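Please read the structure below before turning to the comments.
The values are calculated or read from the model by the stated rules, or taken from the named source; none is laboratory data. Predicted model only: the values in this text are computed from it and were never measured. In this analysis, Cβ positions are derived from the backbone assuming ideal geometry, glycine residues included, and neighbour counts consider all displayed protein chains. Areas reflect the complete protein model, heavy atoms only, side chains present, ligands, DNA and RNA absent. Shrake-Rupley method; radii C 1.70, N 1.55, O 1.52, S 1.80 Å.
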Amino acid sequence: PPPPFPPRPPLPPALPALFARTVAAHGLLDAAHGYLVALSGGADSVALLLLMHEAGYRIEAAHCHFGLRGEESDRDARFAADLCRRLGVRLHTVRFDTRAEARSHGESIEMAARRLRYGWFAEVAQRLGAAYPQRKVHVCVAHHADDNVETFLLHLVRGAGLRGLSGMRVVNDEGIVRPLLETPRQTLLELLEEWGETYVTDSSNADVRYRRNRIRHELLPLLRSMNPNISAVLRRTMRHLDDAGRELAACGHEDLRPRLLALGFNATQITQVTQGRNGAYTLANGHILTRHGDTLRYGLLPQPVPSTSLVPGENIVRDEVFLFRRCPWPVPGFDLRQPHCAVIDVRAVRGALSIRSVATADRFTPFGMRGTRLVSDYLTDRHRSRIEKFAALVLTDSEGILWLVGETVAA
């Protein structure tokens with residue numbers, strides 16, 4: 001049998017207030033339901049598991065072994081097992097060959113790991129829900145306030161709209177619950193220190209080759225040197241943006257209704273898209289209505305472009321002008337960061353160049369990545385709307401895609 005839970009002093013006053021306020025304000029946790037807590041073994045997930053255990057919620061834990069850090073990954077798995085054994089919490093474990101998965105799907109290690117873990121969390125929660133039909137089972141993850149600040153800056157650097165700059169939400173579109181999202185990480189560390197609890201540290205979190213780590217270790221310290229309260233300022237900014245987005249969505253849906261009806265969309269179609277998930281769409285009279293985040297977008301359905309050969313000089317494709325010319329490298333004054341310009345080595349071109357719409361099964365290797373990806377998946381990761389996806393064009397030669405127009409060249 002597991003050893004008894006060690007006696008603990010009272011909870012630090014700051015954390016219960018933040019934790020309780022987040023739970024109450026958003027109606028997050030219900031004693032009648034069950035919760036699957038994602039447990040990496042790091043400080044954040046350990047704090048979440050302990051808090052939910054101490055609060056008496058029905059919890060089980062889930063730990064992913066991604067096989068990326070050798071003995072360190074094995075150590076994390078042992079730590080998670082020991083902690084759950086001591087607490088009397090059932091632990092679910094899985095081992096992935098993440099590198100092989102990333103290669104087979106043509107995506108980065110980080111993206112593959114994210115897809116694998118959330119897919120598996122959903123499977124485990126579904127199995128538990130089937131075993132306990134009298135209660136729902138939700139997945140809880142330990143994202144905290146500082147994670148949200150980093151996500152905001154990631155979206156800002158990459159380019160995002162109002163929804164993307166609102167940061168993460170305490171419950172996302174997939175039903176993932178984040179009870180610690182309004183709690184700073186320092187408060188979690190103080191909780192663990194007060195309770196005398198240990199945790200493991202992922203050495204890859206110090207690797208600044210990863211963009212999030214560069215933001216954490218380089219950009220945020222620079223911003224703090226200009227404003228020591230920058231994290232609080234950015235969290236407040238995200239709240240303002242989120243409030244603005246919700247108000248615009250609430251007002252915009254009703255204001256748009258007469259206009260959408262006039263275009264030929266019926267009430268059922270409008271309701272289905274308004275209440276649907278991100279990316280839901282419907283068509284009427286050559287128009288498209290789609291949900292993108294918290295907003296409704298509509299317009300003429302972009303017409304598909306058949307494969308159209310390019311000739312030197314100006315080419316007009318669906319009212320867009322493509323200027324195609326050969327020039328020496330480097331091109332004087334050319335900025336490689338311009339999204340609507342592309343430079344392609346003539347030695348890499350096979351056959352004639354053509355422009356066409358994106359096809360369903362189109363795959364390419366985005367610049368800077370290894371392996372191929374579906375174009376549609378790449379555009380989803382770039383937070384492009386359904387309308388933008390229908391409008392997307394590719395430049396091709398006889399062997400495949402050379403440029404996803406306005407986005408990135410192929411490697």
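Here are the numbers for the structure shown:
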read-out	value
Looking only at segment 60-78, and only at residues there that are surrounded by 14 or more Cβ atoms within 10 Å (Cβ to Cβ) and of a type in the set (Gly, Ala, Ser), the one that is nearest to the chain's Cα centre (by Cα)	ALA62
Some residue of segment 243-253 being more than 20 Å from ARG386 (Cβ to Cβ), exposed (fewer than 11 other Cβ atoms within 10 Å of the Cβ) and at pLDDT 85 or above	no
Where a residue in segment 68-88 is outside any helix (DSSP H, G or I) and its partner, wherever it lies, is β-branched (Val, Ile, Thr), with Cβ under 8 Å and at least six apart	LEU68/THR98; LEU68/ILE109
Which listed residue, of PRO312, PRO306, is over 30 Å from LEU263 (Cβ atoms) and open to solvent by 60 Å² or more (accessible area, probe 1.4 Å)	PRO312
Residue check, GLU197 of a type in the set (D, E, K, R) and open to solvent by less than 40 Å² (accessible area, probe 1.4 Å)	yes
When residues of segment 89-110 are limited to those that are in a helix (DSSP H, G or I) and hydroxyl-bearing (Ser, Thr, Tyr), the one surrounded by the fewest Cβ atoms within 10 Å (Cβ to Cβ)	SER104
Boolean, ALA113 is surrounded by fewer than 16 Cβ atoms within 10 Å (Cβ to Cβ) and of a type outside the set (S, T, N, Q)	no
In segment 26-49, the residues that are aliphatic (A, V, I, L, M) and open to solvent by 40 Å² or more (accessible area, probe 1.4 Å)	ALA31, ALA32
Residues (assigned to a strand (DSSP E or B), open to solvent by less than 20 Å² (accessible area, probe 1.4 Å) and out of contact with any Pro (no Cβ under 7 Å at 6 or more places or on another chain)) located in segment 364-396	PHE364, PRO366, LEU393, VAL394, LEU395, THR396
Within segment 183-230, tally of residues that are of a type in the set (S, T, N, Q) and either part of a helix (DSSP H, G or I) or touching a Ser or Thr at 6+ places or on another chain (Cβ under 8 Å) (or both)	8
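The rows are residues; the columns are (1) free of Cβ contacts under 8 Å to residues at least 24 places away in the same chain; (2) part of a helix (DSSP H, G or I); (3) open to solvent by 40 Å² or more (accessible area, probe 1.4 Å); (4) of a type in the set (A, V, I, L, M, F, W, C).
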site	(1), (2), (3), (4)
VAL124	no, yes, no, yes
ALA130	yes, yes, yes, yes
VAL139	no, no, no, yes
HIS143	no, no, yes, no
ASP146	no, yes, no, no
VAL149	no, yes, no, yes
PHE152	no, yes, no, yes
LEU156	yes, yes, yes, yes
